[in-house]
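*Asks:* Okay, here's the structure, questions in a sec.
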Amino acid sequence: MLDPAEIHARALVIDGHADTPQRFVDEGWNFGDPLGDGMLNLETARAGNLTAEFFAIWVDPREWRGRMAHRTLQLIDGVYEQLRRYPSAMRLGCSAEDIRRAHSDRVFCVLLGIEGGHSIEADLGLLRIYHRLGVRYMTLTWSNTNEWADSSGDLDDPVVTHHGGLTHFGREVVQEMNRLGMMVDVSHVADSTFRDVLETSRRPVIASHSSARALTDAARNLSDGQLRALASQGGLAMVNFYPSFIDARWRDSWAATQPQRELLYQATAKPYQERGEPMPYHVLLSIDRAFYAQHLRGKLPPAPLSALVDHIDHMVAVMGIDHVGLGSDFDGFPIAPQGLGSAAGLPSITAALLERGYDAGQLAKLLGENLLRVLEEVQNGAP
């Protein structure tokens, strides 16, 4: 009988998306420190046999308006400072070979991905600079439409100017990413942008943290048609762990509390606004956690692990075993699914998938080998 713990321990595990860098910069927290309110640190990475993590470099477009590149570089510097602090435990990875070498050396491999094309401030020169600093994917939009690509997050906002997908410059961004060997990430983008990206890209495309829309009807998730389109071009979709994207019941109940939570956000933001300071994202997460503990814990239990596994199952059925991975979104949401409060819980996913009939070779693909393949194909196609 196959041992799930042994299978997980042998696997090269890569997570496609975690928002941890904000903790380094805004909280003065270090990756070797106790976990605190977070979901990922050195200890939990080791406990979960997490070889490599794409740290998301996310700039809040409202709080950092006019200083997008400044904040982007600040967050990248925050990651580099962790590499300086823990030189024997952490290593920057820029290629699939770097990840394999880190796995062999039992060193945690740090990867960089920009979340939101607004970070390049409509300047291909900044895109190239970020690539030189080690960024190996860029999510074309966050929840905001930028100057050259539509987001799924604001399509109903009449104040926002939309483009019907990618602009001409947006297509140039995709082409330049292909040339550089930087993966194009379509998580968060509007369906029209998704269409234009697949028409434009000559390399496999990823969705770094998106689940299945057929199971949870969120614009952030991908339809079966989109999943098939990604797979047909050799791409990859990595399942998001956030309960709102994997459990429809949880999503509806949490969304119903948005007006109450919005009032708390506004009251908390006021002192920051008066001082002319950006409000750190961890403050919002703290509000959400406190609200959940006070008002919902007994009424809305955490999403079950089975909901996440259902999404993996569905996406494998639609795309094939070679095109699905994990994109947790750790440190980017307040309440985790059962058993996945930190990276230490990753082996529970392997155990659950094994119970559903996956074999060791299939699990190795889902846990990391699929992402290695796509990264190699994107980089090998670059001159």
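*Asks:* May I ask you to list pairs of residues, at least six apart or on different chains, whose Cβ atoms are under 8 Å apart, with the first in region 129-156 being among the hydroxyl-bearing types (Ser, Thr, Tyr) and surrounded by fewer than 19 Cβ atoms within 10 Å (Cβ to Cβ) and the second being at pLDDT 95 or above and part of a strand (DSSP E or B)?
*Replies:* These pairs meet every condition: Ser143/Ser151.
*Asks:* Moving to a separate point now. Let me confirm something: among Leu367, Leu354, which residue is of a type outside the set (Ser, Thr, Tyr), touching a Pro at 6+ places or on another chain (Cβ under 7 Å) and assigned to a helix (DSSP H, G or I)? If you could, list the steps in order and put the result at the bottom.
*Replies:* Values: Leu367 fails: touching a Pro at 6+ places or on another chain (Cβ under 7 Å).
Unique residue meeting the criteria: Leu354.
*Asks:* Only one of Ala248, Ala267, Ala237, Ala229 is small (Gly, Ala, Ser), over 19 Å from the mean Cα position of the chain (by Cα) and closer than 25 Å to Leu305 by Cβ. Can you tell me which?
*Replies:* Values: Ala267 fails: closer than 25 Å to Leu305 by Cβ; Ala237 fails: over 19 Å from the mean Cα position of the chain (by Cα); Ala229 fails: closer than 25 Å to Leu305 by Cβ.
Of the residues listed, the single one that is small (Gly, Ala, Ser), over 19 Å from the mean Cα position of the chain (by Cα) and closer than 25 Å to Leu305 by Cβ is Ala248.
*Asks:* Take Ile321 and decide whether it is under 22 Å from Ser244 (Cβ atoms), without any contact (Cβ under 8 Å) to a residue 60 or more places away in the chain, in contact with a Lys or Arg (Cβ under 9 Å, 6 or more places away or on another chain) and among the aliphatic types (A, V, I, L, M). Working first, answer last.
*Replies:* Details: under 22 Å from Ser244 (Cβ atoms): no; without any contact (Cβ under 8 Å) to a residue 60 or more places away in the chain: yes; in contact with a Lys or Arg (Cβ under 9 Å, 6 or more places away or on another chain): yes; among the aliphatic types (A, V, I, L, M): yes.
Criteria not met by Ile321.
*Asks:* Quick check on region 131-150. Is at least one of its residues closer than 23 Å to Leu198 by Cβ, aromatic (Phe, Trp, Tyr) and assigned to a loop (DSSP other than H, G, I, E, B)?
*Replies:* Among the residues of region 131-150, at least one is closer than 23 Å to Leu198 by Cβ, aromatic (Phe, Trp, Tyr) and assigned to a loop (DSSP other than H, G, I, E, B), which makes the answer yes.
*Asks:* Right, here's the next one. Every residue in region 9-34 that is among the aliphatic types (A, V, I, L, M), over 13 Å from Leu75 (Cα atoms) and touching a helix residue (DSSP H, G or I) at 6+ places or on another chain (Cβ under 6 Å), please.
*Replies:* Ala11, Leu12, Val13, Ile14
*Asks:* Which of the residues that make up region 1-46 are among the hydroxyl-bearing types (Ser, Thr, Tyr) and more than 18 Å from Pro280 (Cβ to Cβ)? Can you show your working first?
*Replies:* Taking region 1-46 as the starting set, the residues that turn out to be among the hydroxyl-bearing types (Ser, Thr, Tyr) are 20, 44.
The answer is Thr44, and nothing else.
*Asks:* Residues Glu277, Glu262: which one is over 21 Å from the mean Cα position of the chain (by Cα), within 26 Å of Arg65 (Cα to Cα) and outside any helix (DSSP H, G or I)?
*Replies:* Details: Glu262 fails: outside any helix (DSSP H, G or I).
Going through Glu277, Glu262 in turn, just one is over 21 Å from the mean Cα position of the chain (by Cα), within 26 Å of Arg65 (Cα to Cα) and outside any helix (DSSP H, G or I): Glu277.
*Asks:* Here is a follow-up. Name the residue, out of Arg202, Arg249, that is surrounded by fewer than 18 Cβ atoms within 10 Å (Cβ to Cβ) and under 30 Å from His295 (Cα atoms).
*Replies:* Working: Arg202 fails: under 30 Å from His295 (Cα atoms).
Going through Arg202, Arg249 in turn, just one is surrounded by fewer than 18 Cβ atoms within 10 Å (Cβ to Cβ) and under 30 Å from His295 (Cα atoms): Arg249.
The values are calculated or read from the model by the stated rules, or taken from the named source; none is laboratory data. Every value quoted in this text rests on a predicted model; they were computed, and no experiment measured them. FYI the Cβ positions are ideal-geometry reconstructions off the backbone, even for glycines, and counts take in every protein chain you see.
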